[in-house]
Amino acid sequence: MRCAPPPPAAAAAPWGAQGEGSPHHVGAASFDPHADAAGRSGFAAMWLFWRTRNRFSIEELRCVPPSLLPSLVRYLTEQLQKVHVIYEANKDFVVEALRSIAELMIYGDQHDASFFEFFMEQEIMGEFARILRISKLSRVSLQLLQTMSIMIQNLRNEHSVYYIFSNEHINFLITYSYDFQIEEMLSYYISFLRAISGKLNKNTISLLVTTKNDEVISFPLYVEALKFAFHEDSMIRVAIRTLTLNVYHVGDESVNRFVSRVPLSDYFSDMVKHFQKQCIDLDKLVVRSSRNASSSVAMASIEDAIVQIEDALYYFSDVMSSGIPDLGDFITENILQLLVFRIVLPSLQRQSTELLISVSTSMYLLCCILHIFKDKDMASTVAAALFHQPDCPDRKQGAPNGCISGHGHGISDNQVSSTSAADQTHEDKLTPLSSANLQYLPDHPSPSDFCQGNTLREHLLSYITGGDNFQALGSLCLFATLLQTKELDESMLDALGILPQRKQHKKLLLQALVGEDIAERQLFASSSGLADDSICSDFDIYIRKLQNKYGLQCFHPRQMTSKVHRYQVLDALVALFCRSNINADVRLVGGWLFRQLLPHGEEEFTTFHLKRLKASHKDCSAKLLEESGGCWCDLLLPIVREAWKNCKKAIEASSPPKGSKSIISPLDPCSLGGDSSVAIAERIYEMVKGFVLQHQVILFCLGETLTDQPPTYSPVDLPVNKRANAAGLDGSVPKPGLEVNLVNAVPCRIAFERGKERHFCFLALSNGSSGWILLLEELPLKQNGIVRVTAPLAGSDPRTDEKHPKWLHLRIRPSTVPFLDPEKFKGKAKKYLVDGRWTLAFRDEQACMAAEAMVMEEMKLQQEAVAKQLKPLVELDMPEDGLQHPQPSQQTLSDDSPCLN
């Protein structure tokens, strides 16, 4: 790269012709290494205002004689030190000097250590602080913040960072009272703080804190940053979160203790309260959107709110994984007490509370917490809380602000709370889990330990069996999320009734084979439905924790076997499969969950379940056969194949077909109401998906393998259509331009445009499940015609005009639908898929009647062909008496639910 020429004004003036200290009279004649000191000073002044694109790149600085670079550095420093008052006349010089010094310091840090050492000798950071003190102009403050941000971000040498952070100069710049009313000032300041946090490590952080007796008593960077934690600008909030995470990940124990103490620890309480408000605002948007599902503005607002909610949860998760136990416990406690116990769980059973949110939003929030928080204590507490019985009086409430003195309350894998009276008073004392001090749950509760009322888990099951689309979907997604939460112990999943039986049996069998006595006893006790009382699982620990620590009375299923819980879940799923008033996509989530619980058609699927599915499937089969005579009979088989493929893919996938966001997002119902053919097609597709899901579940439970294609008859098995053979189709699809025999065609007239009547030959043909209405142009001197217009035969609904018996009216529907051919309709609105109307005029009444009879005859042949192809699918061969597996006794299912005391 060649050196850029100096400005014209500089080139025209002699080297020595300059006013003292005046950059406006600077010139240059040549780069003479033997020039006098005045010449060097003149070059430095010229360099100061010589703005090239990359003035301090290696290429540019190589063009400067080495002997002049120290002069340039010295000149800039000396000129800045001479400034004692900053006003309009010299502010440009100060701004340019600050920028130039920063550029030279970056260059020296990366290429020439002597540059940076000179700035250290001149205490340039002290000069920066002095300039800020004497300046009253916002432009200088802005430039200084920008200069410091760029310089800190680009420093590579650790010793350079030490110098910048030392002598309290950087803390002065942090705590200086800037005028944030000025636009851009706050943005530059936040960028400055974030740049500092990016250079933090265990060595540099000690330069920014003040300690006393090895305890941090002041940390300006962190304290000043928290003042903007809840700023209305989302970019500023994100920057502050990044800064705090940079601080936490340093791992300095004294700093960790400092940020965990009051009042700085209140930041997390405030964060959770702010998050609580975001959740309530999201629910308001969800409720508003449910009243106007077609509003794109409402959906955009919900998506923005979802992004903010999930960003906050990911931030909490990052803080918890930063390695500061106190912060992790503090966040867990605040999330549980300010959000989960106060708002989310009461909303699940619609308890009266001032902060009540909708059931759908509550389940969405639980799914997000379980999915994003990779914390066993949080996940296990939430899962155990699903056994809380709202109708049981809670013995105590948590602290009103969600804070508890001390943070060592979490119960780990090998710890459990003591149940003594003293420990119940002092909940923060934990005892190790051992055979000597472990307190077990009572096997035979007293009558006072019993209370009536459903648990939250049973509320979730009731939403599956009787709730609306969003409630059913939310419950299914929550169970699916719990099943996929790796932090949950198998005992927790088993209590919820969603632990795959083969997975449990495999684990117990493996433990028994290696000689673990407890596992062996439990394995052989499981067949009789008896639990070993000497085994205390994670579920027992967290149920006890909810009672002792939070005062939540929970049902402990000690008197119910885990198999009963699985029956409850299976009952709910079977009921869901039989519900025609629930969106088929919601039922698909249930199909996925069903497959996860019973990967090989386990024995829990009973005669009762199969008979109920069989009865519902019979009704769905009748509805499907009705559609074989409907307006979309020609596409019924493609619809069945599409639904079969999608259902099989959904229930065999590794993750649920719908995520947690779908709980609060409008489902995709039939977008067009009324009797239009496209609306009817969408309703048929919805019905077919429900039918196919039932069919696949039944095959699955009968131990049969799902094939890639549905079991239907092949078209080659259908009888030959005489009229189609006479026309010469030979099984091909008639397209415009094809030559066809006119042996059965009827002459007619039709006008597609006003005043432009055309003569055609009318012909209706069917070939298996396909059928067409053809308008042919007769060829002269031949018995053949050319196909000019085609339309679907199905749904044509031929009717002779009452006043004009020579007119035949036909309804012409679209040839396909968007869900079968998405590429064709990509970017097109469904409102344009409307039905057409044809009115054909024949030469006499007999010709009109013959045309109508031809259409009716071909439609009947087409419908019969469709019904025959569907016969293997609708006539599912199932055992009359279902599966011969034992069922849980009604006495066991009706046992009272004990509450712990």
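Can you pull out the helices (runs of 4 or more DSSP H) entirely within segment 101-170 that have at least 1 residues that are at pLDDT below 80 and surrounded by 21 or more Cβ atoms within 10 Å (Cβ to Cβ)?
Working: elements: 113-121, 124-134, 138-154, 158-165.
Once the helices (runs of 4 or more DSSP H) in segment 101-170 are filtered for at least 1 residues that are at pLDDT below 80 and surrounded by 21 or more Cβ atoms within 10 Å (Cβ to Cβ), what remains is 113-121.
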Tell me which of these residue 222 doesn't satisfy, since it passes every other one: (1) surrounded by fewer than 18 Cβ atoms within 10 Å (Cβ to Cβ); (2) at pLDDT 95 or above; (3) of a type in the set (Ser, Thr, Tyr). (1)
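Just to be sure, is residue 785 surrounded by 13 or more Cβ atoms within 10 Å (Cβ to Cβ), modelled with pLDDT of 75 or more and assigned to a loop (DSSP other than H, G, I, E, B)? Break it down stepwise before answering.
On the way: surrounded by 13 or more Cβ atoms within 10 Å (Cβ to Cβ): yes; modelled with pLDDT of 75 or more: yes; assigned to a loop (DSSP other than H, G, I, E, B): no.
So residue 785 fails the test.
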Working carefully through the options 720, 733, 743, find the one that is more than 57 Å from the chain's Cα centre (by Cα) and β-branched (Val, Ile, Thr). 743
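What about residue 192, is it farther than 20 Å from residue 313 by Cβ, in contact with a Phe, Trp or Tyr (Cβ under 7 Å, 6 or more places away or on another chain) and part of a helix (DSSP H, G or I)? Can you show your working first?
Numbers: farther than 20 Å from residue 313 by Cβ: yes; in contact with a Phe, Trp or Tyr (Cβ under 7 Å, 6 or more places away or on another chain): no; part of a helix (DSSP H, G or I): yes.
Considered against the rule, which asks whether it is farther than 20 Å from residue 313 by Cβ, in contact with a Phe, Trp or Tyr (Cβ under 7 Å, 6 or more places away or on another chain) and part of a helix (DSSP H, G or I), residue 192 comes out as no.
Can you tell me how many residues within segment 276-302 are without any contact (Cβ under 8 Å) to a residue 12 or more places away in the chain and either of a type in the set (Asp, Glu) or closer than 21 Å to residue 366 by Cβ (or both)?
From segment 276-302, those without any contact (Cβ under 8 Å) to a residue 12 or more places away in the chain are 277, 284, 288, 291-292, 294-297, 300; that's our starting set.
Those left that are additionally either of a type in the set (Asp, Glu) or closer than 21 Å to residue 366 by Cβ (or both): 277, 284.
Result for segment 276-302: 2.
Here's the yes/no breakdown for (1) touching a Lys or Arg at 6+ places or on another chain (Cβ under 6 Å); (2) not small (Gly, Ala, Ser):
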| residue | (1), (2) |
| --- | --- |
| 708 | no, yes |
| 711 | no, yes |
| 714 | no, no |
| 728 | no, no |
| 731 | no, no |
| 744 | yes, yes |
| 752 | no, yes |
| 758 | no, yes |
| 763 | no, yes |
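Return the total of residues in segment 320-347 being more than 21 Å from the chain's Cα centre (by Cα) and within 19 Å of residue 286 (Cα to Cα).
Number satisfying all stated conditions: 4.
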Going through 544, 587, 558 one at a time, which residue ends up being modelled with pLDDT under 65 and not hydrophobic (A, V, I, L, M, F, W, C)? 558
Looking at the structure I just gave you, is residue 683 over 30 Å from residue 575 (Cβ atoms) and surrounded by 12 or more Cβ atoms within 10 Å (Cβ to Cβ)? no
Please specify each residue of segment 758-772 satisfying the condition of being more than 19 Å from residue 849 (Cβ to Cβ) and either modelled with pLDDT under 90 or small (Gly, Ala, Ser) (or both). 766, 767, 768, 769, 770, 771
In segment 173-203, anything surrounded by fewer than 17 Cβ atoms within 10 Å (Cβ to Cβ) and farther than 22 Å from residue 233 by Cβ is listed as 201, 202, 203
Being among the hydrophobic types (A, V, I, L, M, F, W, C) and more than 10 Å from residue 762 (Cβ to Cβ) is the filter here, so list the residues in segment 849-864 that pass it. 849, 853, 856, 859, 861
Taking the condition of being assigned to a strand (DSSP E or B), farther than 24 Å from residue 834 by Cβ and polar (S, T, N, Q), how many residues in segment 744-782 meet it? 2
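Could you list all residues from segment 729-768 that are of a type in the set (Gly, Ala, Ser), closer than 19 Å to residue 782 by Cβ and surrounded by fewer than 17 Cβ atoms within 10 Å (Cβ to Cβ)? Write out each step before concluding.
Narrowing segment 729-768 to residues of a type in the set (Gly, Ala, Ser): 731-732, 737, 745, 751, 755, 764, 766, 768.
Subset that is closer than 19 Å to residue 782 by Cβ: 737, 745.
Scanning segment 729-768 gives a single hit, 737.
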If you check residue 239 against the conditions, is it out of contact with any Asp or Glu (no Cβ under 6 Å at 6 or more places or on another chain), of a type in the set (A, V, I, L, M, F, W, C) and assigned to a helix (DSSP H, G or I)? yes
Identify the residue in segment 616-665 that is among the β-branched types (Val, Ile, Thr) and out of contact with any Lys or Arg (no Cβ under 8 Å at 6 or more places or on another chain) and, among all such residues, is surrounded by the most Cβ atoms within 10 Å (Cβ to Cβ). 663
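The values are calculated or read from the model by the stated rules, or taken from the named source; none is laboratory data. Nothing here was measured: the structure is a model prediction, and the numbers come from that model. Every residue, glycine as well, gets a Cβ built from its backbone with ideal geometry; the counts of neighbours run over all protein chains shown.
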